[in-house]
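The values are calculated or read from the model by the stated rules, or taken from the named source; none is laboratory data. Note that the coordinates shown come from a computational prediction; the quantities given were computed from them, not determined experimentally. No Cβ is skipped: glycine too gets one built from the backbone with ideal geometry, and neighbour counts run over all protein chains shown.
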Amino acid sequence: MRKLTPLLALLFLAASCGNPSGDGSLADNKASLEEKKKELAELQAEIKTLEEKIKSQDTTSKAEKLTPVATKKVQTTTFNHYLQITGTVSSQENVLLSAESMGRVVSIPVKEGEKVSKGQTLVALNADALKEQLQEAQASYDLAKTTFKRRQRLWKDSIGSEIQYLNAQTQFKAAKNRLGQIKAQLDNSTISSPINGRVDEITVNTGEFLAMGTPVVRVVDMENLEVEAEISEDYLGDIQVGDSVHVTIDALGLEQVQPVIFTSQYINPNNRSFKIKVKLNNSNQLIKPNLLASLRIRDYQNPAALAVPSMAIKQDLTGEYLFVIEQNNGENVVAKRYITKGLTSNDQTEVLEGLTPSDLVVTSGYNLVAAGQAVTLK
């Protein structure tokens, strides 16, 4: 027999008081007991009916018992996937100048970090001996030239021998060559900048004697900088000249969107990669060569994709799935939907199969529900 409620217990107590224990015959007591059981059964049926009515009518109480979940309505959107790689900043013109002749450094009219122009003198070597040789060579050249011109006029007038004419011509050419050589040596005694840029490093001091080929000064064009990076050959067909690249230089806190200006068609056999170059804007002169830069390059785009939060995708022995909301007799019920996913970018994943536009995907509370469970929507 069921445990009696307090109300029923009171009813039995009252009945007991009406028929004290020990009064009446056995048959009367049995009849009274059967009557009370019948009344109890009727009362229990009535209570059950009332509970069911209250349950169906009290929607607030019902909703409080359902698990709340957040959902997202699936819609077509543009899905982009990006390749993240690291590159190194370099200058299009980074020149290390060396001495082209021997000599002692007599002056360095520039300082490290100074902006210089193309043709500006950076280092000068002692050229006194060359200047004297140049004067002698110039005088010899002038004499040889005058002699040759005279011999040439006389030869045209059939005066003098052919040998005299040829000797004069040979001496003139030799004097001209010597003069040119000394001028070139004198020019080499002055080291000038071949580009517009900044003096990045000076490796010599005034008074030092330089041998030919000694590194002297480095000049860097700080305006025409670029980022060089190597990318796997798998992306050779995905990256083209002109593509936009998001460049981040963490050391400076700088971000730029710049175009690809070069893609190599040569594949490095050692790591199966090819080189790309991305232009940089360095108008503020803050970016320096050899800084590390992070490149974010779009390698895939779907303008009509179905994408969902990556965390909402679950997996079991059958495959990957999502929880979606379906209607069942007016209730929001969780259903398991198996999917085929594509690429993932940031916190979004492209769904290739298994979803349709307008599906409601559970995006929060998916760890608290199971397929077939009724839920309430936040």
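Listed here are the residues, each with its yes/no results for (1) touching a helix residue (DSSP H, G or I) at 6+ places or on another chain (Cβ under 8 Å); (2) among the basic types (Lys, Arg); (3) within 20 Å of Glu112 (Cα to Cα).
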{"position": "Ala174", "(1), (2), (3)": "yes, no, no"}
{"position": "Ile191", "(1), (2), (3)": "no, no, yes"}
{"position": "Thr206", "(1), (2), (3)": "no, no, yes"}
{"position": "Phe209", "(1), (2), (3)": "no, no, no"}
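For the stretch 279-299, which residues satisfy the criterion of being closer than 16 Å to Tyr235 by Cα and at pLDDT 90 or above? So that I can check it myself, show each step before the final result.
Within the stretch 279-299, the subset closer than 16 Å to Tyr235 by Cα is 295-299.
Within the stretch 279-299, Leu295, Arg296, Ile297, Arg298 qualify.
Condition check: buried (at least 17 other Cβ atoms within 10 Å of the Cβ), modelled with pLDDT of 90 or more and over 18 Å from the mean Cα position of the chain (by Cα). Does Val204 satisfy that? Before the answer, list the steps.
Details: buried (at least 17 other Cβ atoms within 10 Å of the Cβ): yes; modelled with pLDDT of 90 or more: yes; over 18 Å from the mean Cα position of the chain (by Cα): yes.
The answer is yes for Val204.
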- Query: Could you say whether any residue in the stretch 188-210 is part of a helix (DSSP H, G or I) and over 30 Å from Asp299 (Cα atoms)?
  - Reply: yes
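A quick yes/no check of all residues on (1) out of contact with any His (no Cβ under 8 Å at 6 or more places or on another chain); (2) in a loop (DSSP other than H, G, I, E, B); (3) among the aliphatic types (A, V, I, L, M):
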| residue | (1), (2), (3) |
| --- | --- |
| Ile325 | yes, no, yes |
| Val334 | yes, no, yes |
| Gly342 | yes, no, no |
| Ser358 | yes, yes, no |
- So is Asn205 out of contact with any strand residue (DSSP E or B) (no Cβ under 6 Å at 6 or more places or on another chain), touching a residue at least 40 places away in the same chain (Cβ under 8 Å), polar (S, T, N, Q) and within 20 Å of Lys131 (Cβ to Cβ) or not? no
- Task: Please indicate, with yes or no, whether at least one residue in the stretch 142-158 is surrounded by 12 or more Cβ atoms within 10 Å (Cβ to Cβ) and in contact with a Lys or Arg (Cβ under 7 Å, 6 or more places away or on another chain).
- Result: no
- Scan (1) under 21 Å from the mean Cα position of the chain (by Cα); (2) modelled with pLDDT under 95 for the single condition Gly330 breaks and write down its number. (1)
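Can you name the residue in the stretch 265-295 that is farther than 23 Å from Asn196 by Cβ, loosely packed, with under 15 Cβ neighbours inside 10 Å and polar (S, T, N, Q) and is also farthest from the chain's Cα centre (by Cα) among such residues?
As a first pass, look at the stretch 265-295 and keep what is farther than 23 Å from Asn196 by Cβ: 265-276, 292-295.
Narrowing further to those that are loosely packed, with under 15 Cβ neighbours inside 10 Å: 265-272, 292.
When the remaining residues are screened for being polar (S, T, N, Q), the result is 265, 268, 270-271.
Working: Gln265: 22, Asn268: 22, Asn270: 24, Asn271: 21 Å.
So, considering only residues that are farther than 23 Å from Asn196 by Cβ, loosely packed, with under 15 Cβ neighbours inside 10 Å and polar (S, T, N, Q), the one farthest from the chain's Cα centre (by Cα) is Asn270.
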- Task: Please state which of the following conditions Asp238 fails to meet, knowing it meets all the rest: (1) in contact with a strand residue (DSSP E or B) (Cβ under 8 Å, 6 or more places away or on another chain); (2) in a loop (DSSP other than H, G, I, E, B); (3) without any contact (Cβ under 8 Å) to a residue 60 or more places away in the chain; (4) not aliphatic (A, V, I, L, M).
- Result: (3)
- Task: Please specify each residue of the stretch 247-275 satisfying the condition of being among the basic types (Lys, Arg) and closer than 16 Å to Ser90 by Cβ.
- Result: Lys275
- Task: Out of Ser358, Ser273, Ser283, report the one residue that is over 30 Å from Glu226 (Cα atoms) and polar (S, T, N, Q).
- Result: Ser358
- Task: Starting from residues that are surrounded by 12 or more Cβ atoms within 10 Å (Cβ to Cβ) and acidic (Asp, Glu), keep the ones in the stretch 237-264 and report whichever is nearest to Asn281 (Cα to Cα).
- Result: Glu255
